[in-house]
Amino acid sequence: MSLAHKISSWNRNRKWKLFLREFATDKDIRILDVGFSENEYSNTDNFIEKHYPFPERLTALGIETPSKIKKRYPKINFVQYDGKKFPFQDKEFDICWSNAVIEHVGEKGDQQFFLKEIERVARSAFITTPNRNFPVEVHTRTPFLHYLPKKVFDTYLNFIGKKWATGDYMHLLSMTDLIKLLAKANIIDYKIYKNKLVGFTLDFVVIFHSR
């Protein structure tokens, strides 16, 4: 296992422990995971699907067709959607879990709408996203260059053969961006945890409760 995967595994386990401290988990709690992955490239993918002790109470929402993943986790309810409005009723879930997804749903209005949909369908939420100001861009393992304007960074990614990470693939958020986004989504009852690595904030965990 590479160093990057070891750090990712350690960090996701750290976030999972925080989730278990913050929320009750029992057979009556209804949980929505926003952002499942049809293909798993490491043991950190689909983390809640692997670890939640009551899979029959877990619904996973994503834009991919759930084919192989249904066979891996047969007790979980998988729902495909178009990436816009969530196909659920208001407050249908007790908790929404969304790990490192919001940076992939577009920027500005799209991210704001994403947060508002989470608040609409769930009573509480646990959302994580990498810190734009961490010295290494975690998706591409690129140091510092993600601080440049997006067009410049995208040009570099195209040059090194990582075109998949350009365009709308990711819109990273800083602490300031995140606070502004929560305010625009009219979410006021929240906490933000900073997960550190060698003194720098690696990513954020946002926990909020609906009014």
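The values are calculated or read from the model by the stated rules, or taken from the named source; none is laboratory data. These figures come from a predicted structure and were not determined experimentally. Backbone-built Cβ (ideal geometry, glycine too); neighbour counts: all protein chains shown.
Hey, Phe86 hits all of (1) more than 16 Å from the chain's Cα centre (by Cα); (2) part of a loop (DSSP other than H, G, I, E, B); (3) buried (at least 19 other Cβ atoms within 10 Å of the Cβ) but one; which does it fall short on? Here Phe86 clears every test but (1).
Selection of first residues in the stretch 45-59 that are assigned to a loop (DSSP other than H, G, I, E, B) and of second residues that are small (Gly, Ala, Ser), restricted to Cβ pairs under 8 Å at least 6 apart or on distinct chains, gives the following pairs, ordered by first then second residue: Asp45/Ser37; Asn46/Ser37; Asn46/Ala60. Look at the stretch 69-92: where a residue is on the phi < 0 side of the Ramachandran plot and a partner is assigned to a strand (DSSP E or B) and among the aromatic types (Phe, Trp, Tyr), sitting 6+ places away or on another chain with Cβ atoms under 9 Å, you get Ile69/Phe78; Lys70/Phe78. Within the stretch 104-147, restricting attention to residues that are farther than 27 Å from Ala185 by Cα and aliphatic (A, V, I, L, M), the residue that is surrounded by the most Cβ atoms within 10 Å (Cβ to Cβ) is Val136. The conditions of being modelled with pLDDT under 95 and hydrophobic (A, V, I, L, M, F, W, C) are not met by Ile48. When the stretch 29-83 is filtered for residues that are among the hydrophobic types (A, V, I, L, M, F, W, C), crowded, with 19+ Cβ neighbours inside 10 Å and within 17 Å of Ile102 (Cα to Cα), the ones remaining, listed by number, are Leu32, Val34, Phe36, Phe47, Ile48, Ala60, Leu61.
Inspection of the stretch 162-169 identifies no residue that is outside any helix (DSSP H, G or I) and assigned by TED's automatic domain parsing to the domain that holds Phe19.
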